[in-house]
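The block underneath contains the structure these notes are about, expressed in C-alpha cells.
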Amino acid sequence: MAKSVRLRKEHKSKTGGLTKKGRDKINRETGSNLKAPVTGKVKPGSKAAKRRKSFCARMKGVKGATSKGG
C-alpha cells in the first residue's frame, strides 16, 4: 500500500510539480527516488535525454492543455 505524504505550500511549485524540498521530503518519507525534471538542452543518448524521452512517451496519450498557451 502506498504511503501518503502531506505536503505544505513550500513543497509545491507555483508552476506545477514539486520543489527540491518537496522531492526531498517524499524521498525521505516513502523511500522513493524522485528526481528533478529534465529541462534545457541535453546530449542525445544521455541519461537525461532518455528520461525525457520516457516521460514524453508516457504523457503522449494525456488529454488537455500541454503548454502554457493552452
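Close amide H contacts of residue 12 (hydrogens built in the peptide plane, cut-off under 5 Å, sequence separation of 5 or more or a different chain): 19. Taking every protein chain into account, the accessible area of the chain amounts to 93 square angstrom per residue (probe 1.4 Å).
If you plug the beta carbon distance of residue 48 and residue 10 into 1/(1 + (r/R0)^6) with R0 = 30 Å, you get a FRET efficiency near 0.70. This model, with +1 at the C-beta of Lys and Arg and -1 at the C-beta of Asp and Glu, gives the chain a dipole about its Cα centre of some 160 debye. Any idea what % of Cα-Cα pairs in the chain are farther than 18 Å? Percentage above 18 Å: 56. Note on the chain: with neighbouring protein chains present and a 1.4 Å probe, carbon and sulfur make up 55 percent of its accessible heavy-atom surface. Bridging of residue 12 to lysines at a Cα separation below 16 Å is possible for 20, 21, 25, 35, once same-chain residues fewer than 8 apart are set aside. With loop membership from DSSP and a limit of 16 other Cβ atoms within 10 Å, the longest segment of the chain without trypsin sites (Lys or Arg not before Pro) is 15-34.
Using the Cβ-Cβ distance between residue 3 and residue 59 with R0 set to 22 Å, the FRET efficiency works out to roughly 0.35. I'd like to know which of 36, 48, 59 lies farthest towards the positive end of the charge dipole of the chain, counting +1 on Cβ of Lys and Arg and -1 on Cβ of Asp and Glu. The residue sitting farthest along the positive end of the dipole is 48.
The values are calculated or read from the model by the stated rules, or taken from the named source; none is laboratory data. Quick caveat, the model's predicted, so the values are computed rather than measured. With ideal geometry, Cβ positions are generated from the backbone for all residues, glycine too; neighbour counts draw on all protein chains shown. What goes into the accessible areas is simple: the full protein's heavy atoms, side chains included, and nothing from ligands, DNA or RNA. Shrake-Rupley method; radii C 1.70, N 1.55, O 1.52, S 1.80 Å.
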